[in-house]
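One structure below.
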Amino acid sequence: MMTLNELGNLVAERFTQTYGRPPRWIAAAPGRVNVIGEHTDYNDGFVFPMAIDRYTVIAAAPAGEAPARVQLRSTVGNGPASIDLAQPLKPAPKGTWYNYPLGVLAGFAARGVKVPGFDALIHSTVPLGGGLSSSAALEVSTATLLETITGHKLDPVEKALLCQKAEHEYAGMPCGIMDQFISVMGRPDHLLLLDCRSRQTELVPMTDGAVELLITNTNVKHELTGGEYAKRRAQCEAAAKSLGVASLRDATAAQLEAAAGKTDPVAFRRARHVIGEIERTLQAAKAVRASNWAKVGELMYASDASLRDDYEVSCPELDAVVEIAQRIGPAGGVYGCRMTGGGFGGCTVALVRAESVQVIADRIAADYEKRTGIKPSLFVSRPAAGATVLRA
Ligand code: ADP
Ligand code: MG
């Protein structure tokens with residue numbers, strides 16, 4: 001596996017091939033995986049992600065021919081962007097890849113920070129659209145580059161919120177705050193406990209090198225027509241209202257049980273997931289601090305069962321991976337596994353022993369393909385570094 005510095009050098013070489021001169025600045029930002037705390041963000045709860053060893057790197061040099069233009073090229077995007085800095089910035093049509101960096105440029109402009117023209121090349125080892133947040137990695141790497149170019153350093157929270165706003169207003173994606181926060185604030189050997197209500201963060205050490213996180217992409221994404229995400233949000237709001245609290249963050253399991261008779265049964269189960277998941281996330285942070293991997297694993301399985309049965313956002317492919325992991329079990333080096341992300345496809349995350357990771361990955365890949373006929377993609381990572389300046 002390439003180190004981040006080696007990846008930076010590779011992108012520098014590609015930049016030189018593309019533009020005929022070397023880059024002056026290089027910045028990088030990682031993708032992420034959420035270890036536990038699912039569908040808690042919009043209920044004012046906690047999430048517990050980590051940065052992964054997959055990065056978006058952006059290399060840049062002062063503009064060549066047109067000094068007031070930004071040229072953006074990606075090794076995977078559909079064609080270059082040429083942005084005129086003398087004109088007011090506005091979003092390109094929905095689905096255009098460079099809306100993410102464009103929104104970040106707009107965020108700097110809105111703060112009155114003058115950005116000079118530059119030429120940039122973007123390269124990513126975060127899979128696009130794979131649930132590991134290549135979008136946040138693209139935004140945060142861009143913001144980090146702009147900090148370096150302009151010398152205008154942002155506070156980490158402000159930087160994450162600027163990137164979130166870019167995703168909302170330029171990419172048209174109403175995401176929460178997790179992806180941008182962890183991509184900005186990730187640190188090697190640490191998970192990030194993030195309070196989505198207060199936006200307070202706590203880096204939780206996970207220094208035991210004997211464990212790693214194994215991410216399996218089911219490589220399915222079920223298209224749902226019923227607006228399932230919006231439905232879940234509405235059900236949570238209804239449940240909070242019937243419990244007389246501002247959000248489910250303020251409700252306890254005992255409160256919910258006491259109201260069981262007069263709560264709609266579906267809303268009851270949705271609320272039971274959220275209330276339980278917030279508690280599990282806090283317990284998981286404690287267990288990580290204590291290097292109690294059996295406990296963390298148990299909480300991950302409990303999270304998965306709750307998402308599957310009470311929140312009903314799983315699918316047969318996600319369930320298959322979790323079942324295979326469970327069957328390998330602690331004797332085979334698997335402590336726990338759960339679906340991660342919104343659901344209905346995407347990825348699982350498993351806590352595994354580092355020494356067994358290759359055997360576990362091979363077994364999951366083979367058994368999953370046997371059961372579903374689909375080839376999965378697997379990644380392994382320790383908690384990695386957040387946004388990094390590689391050349392200033
Ligand atoms: P995810 O964040 O889970 O990877 P999204 O749909 O939120 O999935 O973001 C993926 C989109 O972000 C891509 O379709 C593309 O438009 C844009 N994108 C992300 N990384 C890059 C990149 N390195 N080059 C070009 N576009 C990118
Ligand atoms: Mg995304």
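The values are calculated or read from the model by the stated rules, or taken from the named source; none is laboratory data. Predicted, not measured: the structure shown is a model, and the values here were computed from it. Neighbour counts run over all protein chains shown; Cβ positions are idealised from the backbone, glycine included.
Please determine, by comparing only the residues of segment 69-91 that are of a type in the set (A, V, I, L, M, F, W, C) and more than 24 Å from the chain's Cα centre (by Cα), which one is surrounded by the most Cβ atoms within 10 Å (Cβ to Cβ).
Within segment 69-91, the match that is surrounded by the most Cβ atoms within 10 Å (Cβ to Cβ) is Val70.
Of the residues that sit in segment 231-242 and are closer than 13 Å to Val313 by Cβ and either out of contact with any Lys or Arg (no Cβ under 8 Å at 6 or more places or on another chain) or aliphatic (A, V, I, L, M) (or both), which one is surrounded by the fewest Cβ atoms within 10 Å (Cβ to Cβ)?
For segment 231-242, the residue satisfying everything is Lys231.
So which residues in segment 1-42 are closer than 23 Å to Leu351 by Cα, touching a Ser or Thr at 6+ places or on another chain (Cβ under 8 Å) and among the charged types (D, E, K, R)?
Scanning segment 1-42 gives Arg32, Glu38.
Got a sec? Which of Glu312, Glu277, Glu317, Glu323 is in a helix (DSSP H, G or I), surrounded by fewer than 21 Cβ atoms within 10 Å (Cβ to Cβ) and modelled with pLDDT of 95 or more?
Of the residues listed, the single one that is in a helix (DSSP H, G or I), surrounded by fewer than 21 Cβ atoms within 10 Å (Cβ to Cβ) and modelled with pLDDT of 95 or more is Glu323.
Can you pull out every residue in segment 52-85 that is in a strand (DSSP E or B) and of a type in the set (A, V, I, L, M, F, W, C)?
Listed by number, the residues that qualify are Ile52, Val57, Ile58, Ala59, Ala60, Ala61, Val70, Leu72, Ala81, Ile83.
Please specify each residue of segment 101-124 satisfying the condition of being more than 9 Å from ligand 1 (Cβ to nearest atom) and either within 26 Å of Glu38 (Cα to Cα) or of a type in the set (Phe, Trp, Tyr) (or both).
Of everything in segment 101-124, those that are more than 9 Å from ligand 1 (Cβ to nearest atom) and either within 26 Å of Glu38 (Cα to Cα) or of a type in the set (Phe, Trp, Tyr) (or both) turn out to be Phe108, Phe118.
Go through (1) under 30 Å from Val266 (Cα atoms); (2) not in a helix (DSSP H, G or I) one by one and return the number of the condition Gly297 breaks.
For Gly297, the exception is condition (2).
Per-residue answers, yes or no, for (1) among the charged types (D, E, K, R); (2) within 15 Å of ligand 2 (Cβ to nearest atom):
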| residue | (1), (2) |
| --- | --- |
| Lys114 | yes, no |
| Phe118 | no, no |
| Leu121 | no, no |
| Val126 | no, yes |
| Gly131 | no, yes |
| Ile149 | no, no |
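Quick one: which strands (runs of 3 or more DSSP E) lie wholly within segment 125-240 and hold at least 1 residues that are within 16 Å of ligand 1 (Cβ to nearest atom), more than 30 Å from Ala259 (Cβ to Cβ) and at pLDDT below 95? Walk me through it before giving the result.
Values: elements: 190-195, 201-205, 211-221.
Output list reads 211-221.
Would you mention how many residues in segment 168-192 are touching an Asp or Glu at 6+ places or on another chain (Cβ under 7 Å) and surrounded by 23 or more Cβ atoms within 10 Å (Cβ to Cβ)?
Residues that pass the stated criteria total 2.
Looking at the structure I just gave you, is Gly79 touching a Phe, Trp or Tyr at 6+ places or on another chain (Cβ under 8 Å), more than 15 Å from ligand 2 (Cβ to nearest atom), over 30 Å from Ala271 (Cα atoms) and modelled with pLDDT under 95? Don't jump to the end; show me each part of the working.
Working: touching a Phe, Trp or Tyr at 6+ places or on another chain (Cβ under 8 Å): no; more than 15 Å from ligand 2 (Cβ to nearest atom): yes; over 30 Å from Ala271 (Cα atoms): yes; modelled with pLDDT under 95: yes.
Criteria not met by Gly79.
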